[in-house]
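The values are calculated or read from the model by the stated rules, or taken from the named source; none is laboratory data. All figures in this text were calculated on a predicted structure; none of them were measured in a lab. Cβ coordinates were reconstructed from backbone atoms using ideal geometry, including for glycine residues, and neighbour counts include every protein chain displayed.
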Amino acid sequence: MAVVVVVIVVVALLVIAGAILLPRMRSRRLQQQFGPEYGRTVDATGDRREAERDLAEREQRRSELQIRELDPGARNAFAQRWRSTQERFVDAPDQAVGDADGLVQEVMRERGYPVGDFDQQARDVSVDHAGVVSEYHAAHDISVLSGRGQASTEQLREAMVHYRTLFAELLEGGDGASGRAGQRDQPAR
């Protein structure tokens, strides 16, 4: 009888420990995977559980997408188009920012990400590029201001830098760490 009681107590303790530890482990995993995007999502939803549910849904949606790396020819063509876009910034900053946004969307489409709705695009790309999705949000916000004629030249320059950070990661594929090295602090032309 005492053995049965001990077994029941041990099982109950294991169930309680699992109920406490599993959510914490899930939270830690999501924080590590999504980095700053985890905090942004918690802030946006106002609830950690809801945010974690959202991030898990993003992972599920992403697992259903066929994301692929760019072939070397496409990568080189996109890189050349980016250089041309940056060069146009001096004479037409508003247009260059719009072109940069379009170019980022083209690369996303070519890689297999659905495009069209910015919020969904950012959610999709956050799974693979969580470290730079905040750059995408910042660039988009400035691009919206630009569309209203309310962005300063300095803000437009910042948008180009933000777009370039995501663009470099998308061009490289994978986690993009090599594409991000040395890119963040270089000003747009």
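Applying the criterion of at least 1 residues that are under 19 Å from Glu135 (Cα atoms) and of a type in the set (Val, Ile, Thr) to the helices (runs of 4 or more DSSP H) found wholly in region 33-123 leaves 36-45, 72-88, 93-111. Determine, yes or no, whether Ser134 is at pLDDT below 95, touching a Pro at 6+ places or on another chain (Cβ under 6 Å) and in a helix (DSSP H, G or I). Yes: the conditions hold for Ser134. Say whether the condition of being at pLDDT 95 or above and within 15 Å of Glu172 (Cβ to Cβ) is met by at least one residue in region 79-90. Within region 79-90, one or more residues are at pLDDT 95 or above and within 15 Å of Glu172 (Cβ to Cβ).
Quick one: would you say Val107 is in contact with a Phe, Trp or Tyr (Cβ under 7 Å, 6 or more places away or on another chain) and at pLDDT 95 or above? Give the derivation first.
Values: in contact with a Phe, Trp or Tyr (Cβ under 7 Å, 6 or more places away or on another chain): yes; at pLDDT 95 or above: yes.
Here the answer is yes, as Val107 does meet what is asked.
Among the residues examined, Glu52 does not qualify as buried (at least 18 other Cβ atoms within 10 Å of the Cβ), touching a helix residue (DSSP H, G or I) at 6+ places or on another chain (Cβ under 8 Å), assigned by TED's automatic domain parsing to the domain that holds Arg26 and under 28 Å from Leu156 (Cα atoms).
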